């Protein structure tokens, strides 16, 4: 990878420009990109022009830019995030019909939780998560799932960064976070009462892929009213099991009696059986 005169690779600079755009700052000027990415303004001009030429950034009114639709096109080919979301969506909708509040699906990126889908109701309780937004892993019920059932050593890596709770209800010390992770592992689900907002309670369970690896977290955000979490936790676990089963069937060899139809598209697309059969035939004909 070629490196600039300042020692930063060209790819690193491009990613810094793209990372300057966030959910709360989707439209940026060149000067704002320069300040947020900490890249020299002259380099920002050149990088932005090239990204625009490839459709990865798009100019909008007022000399500002936004992320381009081509990024969405590329991201839609990501089995680990959007593929998982596509497979899980029918089950999420059924779950939302039962819960009536917020249901969401998350994956892990480093020591953050990334929300890849959320279904809400207009009169639902406060929920601070947004699709495409990140939450520090130690602050949420979904994060507890990854800490309890994910990679060994993840909890230690999180604790090295320090505990910064959002409310007084969340863990204030390393010992309290460890206790919450142990409780999650013992119960099989995470319960975060008032960790992000005092009025809200998050519950989450693991979604597993091949070899029982945790690939996501299925969660619900409901009123923090002191009700027993057992019924909702059981509902989440049943739904997560169905998602995990569908995920495994998407990766079974073609021709396996339990394999989902759709051929190579199964890991990215969830549609009607007839549609998946049609897409599979079309892909074979190419």
* Among the residues of region 213-226, write down those that are closer than 18 Å to residue 127 by Cα and at pLDDT below 95. => 226
* To do: Show the residue pairs that are 6+ apart or on different chains and have beta-carbon atoms under 8 Å apart, the first residue being within region 167-180 and not assigned by TED's automatic domain parsing to the domain that holds residue 224, the second being surrounded by fewer than 14 Cβ atoms within 10 Å (Cβ to Cβ).
  => none
* **Filter result (within 16 Å of the chain's Cα centre (by Cα) and in contact (Cβ under 8 Å) with a residue 40 or more places away in the chain) within region 210-246** => 214, 215, 216, 217, 218, 219, 220, 221, 243
* Could you pull out the residue among 236, 279 that is farther than 18 Å from residue 90 by Cα, crowded, with 18+ Cβ neighbours inside 10 Å and in contact with a helix residue (DSSP H, G or I) (Cβ under 8 Å, 6 or more places away or on another chain)? => 279
* Selection within region 151-192 - more than 22 Å from residue 207 (Cβ to Cβ), in contact with a strand residue (DSSP E or B) (Cβ under 8 Å, 6 or more places away or on another chain) and surrounded by 16 or more Cβ atoms within 10 Å (Cβ to Cβ) -> 169, 170
* Asked: Quick check: anything in region 73-91 under 30 Å from residue 204 (Cα atoms), in the same structural domain as residue 123 (by TED's automatic domain parsing) and at pLDDT 95 or above?
  -> yes
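The values are calculated or read from the model by the stated rules, or taken from the named source; none is laboratory data. Quick caveat: nothing in here was measured; it's all calculated off a predicted structure. We place every Cβ from the backbone using ideal geometry, glycine too, and count neighbours over all the protein chains shown.
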